[in-house]
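See structure below.
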Amino acid sequence: MTTSTDGVVARVRANFDMSVDGESERLRKDVPGRVSFEIHRRFLDEHLPPGAHVLEIGAGPGIFTEHLARSGARVTVTDLSPVQLEENRRRITDAGLAAAVAEWRVADVRALSAFNDDVFDLTLAYGGPISYVFEDAPLALAELLRVTRPGGQVVASVMSTLGAYRYYIRGVVGEIAQHGDAAMDEVLSSGDLRPTQPSGHVCQMYRSDQIPQLVERAGGQVLSMSASNWASLGDGAALQQLEADAQHWAHFLDNEAWICRQPGALDGGTHILFAARHAELAIDEQTAVPAGNERR
């Protein structure tokens, strides 16, 4: 692991120790969040085999732990933050789903030595754990691939440079006022928020064209990608009107899931989702159309 990154990861852990309530509501509190959850859920379900043993990294308070448990998976739940992990245990237990959890364990995605090679049918790193380890991202992905059995898959998300710039434009304006245009140009180029955010939330963001190279450096190969949201980051009042009509809403979600897979939309969400597997096992996937990319 990179020593210079350790201090930043400790800062990330401290932030999550203090933000349990925010994390639990992030994908429930508004329409964009609920759409993002649905896009993540669909993407996960496409890669989740029946009865899978899943290692969940950065599980937080458990919104996807609950989904995995209800889907029949056996889940090993981990998080960098012991506070988040305890909240996960409480929520999953209160929901009557504790029997689906093999164990709860504090873990750093960069160092999964507690787990043997080729153990899990799927490893899940939603919410950006890979974005929080900066230069150690290839190491983190290599660890996820190592503990995933041959033929299994890693499903993960990272923060999107271009999508975040578009969605959080009000904050961008503030950053430009404080740090200048050159600093924002550097953020757009590097995706690294550390220079402009010396305190508070900090992460490494990515463009979609950087994901295949990142995964290849870890010894894997990308199978499919998706934005986490697209049109659903737009007019909130219009989205609420759509959501009020079940039929129109279901059709909108189908369209949104399809749009998020299109090359022109991959960078348009707050996160980029991807599925990968060991490179030597993915050769046959190179010319395949990614699952879900066909128009419904």
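The values are calculated or read from the model by the stated rules, or taken from the named source; none is laboratory data. Quick caveat, the model's predicted, so the values are computed rather than measured. Glycine also receives a Cβ, built like all others from the backbone with ideal geometry; neighbour counts cover every protein chain displayed.
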Handout entry: Asp209 vs. criteria part of a helix (DSSP H, G or I) and modelled with pLDDT under 90
Key = no
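Table: residues versus (1) modelled with pLDDT under 95; (2) within 21 Å of Gly128 (Cα to Cα); (3) of a type in the set (A, V, I, L, M, F, W, C); (4) touching a helix residue (DSSP H, G or I) at 6+ places or on another chain (Cβ under 7 Å).
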residue: Val172; (1), (2), (3), (4): yes, yes, yes, yes
residue: Gln178; (1), (2), (3), (4): yes, no, no, no
residue: Gly191; (1), (2), (3), (4): no, yes, no, yes
residue: Gln204; (1), (2), (3), (4): no, yes, no, yes
Completion exercise
Considering the range 46-63, residues that are surrounded by fewer than 24 Cβ atoms within 10 Å (Cβ to Cβ) and not small (Gly, Ala, Ser), and then whichever is nearest to the chain's Cα centre (by Cα), we arrive at Ile63
Exercise for the section: Would you confirm whether any residue within the range 114-121 is within 15 Å of the chain's Cα centre (by Cα) and within 24 Å of Asp6 (Cβ to Cβ)? Expected result: no
Handout entry: Subset tally (residues that are part of a loop (DSSP other than H, G, I, E, B) and over 30 Å from Ala177 (Cα atoms)) for the range 212-240
Key = 2
Problem - Any pair with Cβ under 7 angstrom, 6 or more apart, that starts in the range 237-254 at a residue that is farther than 13 Å from Arg34 by Cβ and ends at one that is of a type outside the set (Lys, Arg) - result: His248/Leu242
Fill in the blank from the handout: When the range 53-80 is checked residue by residue, the ones that are assigned to a loop (DSSP other than H, G, I, E, B) and in contact with a Gly (Cβ under 8 Å, 6 or more places away or on another chain) are Gly58, Gly60, Gly72, Ala73, Leu80
Exercise for the section: Counting only residues that are crowded, with 20+ Cβ neighbours inside 10 Å, give me the helices (runs of 4 or more DSSP H) lying completely in the range 87-185 with at least 1 of them. Expected result: 137-146, 161-167
Practice task
Please state which of the following conditions Val202 fails to meet, knowing it meets all the rest: (1) hydrophobic (A, V, I, L, M, F, W, C); (2) surrounded by 15 or more Cβ atoms within 10 Å (Cβ to Cβ); (3) assigned to a loop (DSSP other than H, G, I, E, B); (4) without any contact (Cβ under 8 Å) to a residue 24 or more places away in the chain.
Solution key: (4)
Exercise for the section: Residue by residue through the range 21-45, note down the ones that are buried (at least 17 other Cβ atoms within 10 Å of the Cβ) and at pLDDT below 70. Expected result: Glu23, Ser24, Arg26, Leu27
Practice task
Quickly run through the range 256-276 and pick out the residues that are in a loop (DSSP other than H, G, I, E, B) and within 16 Å of the chain's Cα centre (by Cα).
Solution key: Cys260, Arg261, Leu266, Asp267, Gly268, Gly269, Thr270
Exercise for the section: Provide a single number: the residues in the range 92-133 that are at pLDDT below 95 and of a type in the set (Phe, Trp, Tyr). Expected result: 1
Handout entry: Index of the failed condition, Glu243 passing every other in (1) surrounded by fewer than 21 Cβ atoms within 10 Å (Cβ to Cβ); (2) closer than 24 Å to His47 by Cβ; (3) touching a Lys or Arg at 6+ places or on another chain (Cβ under 9 Å)
Key = (2)
Fill in the blank from the handout: When Thr3 is run through (1) at pLDDT 95 or above; (2) among the β-branched types (Val, Ile, Thr); (3) out of contact with any Pro (no Cβ under 9 Å at 6 or more places or on another chain), the failure sits at (1)
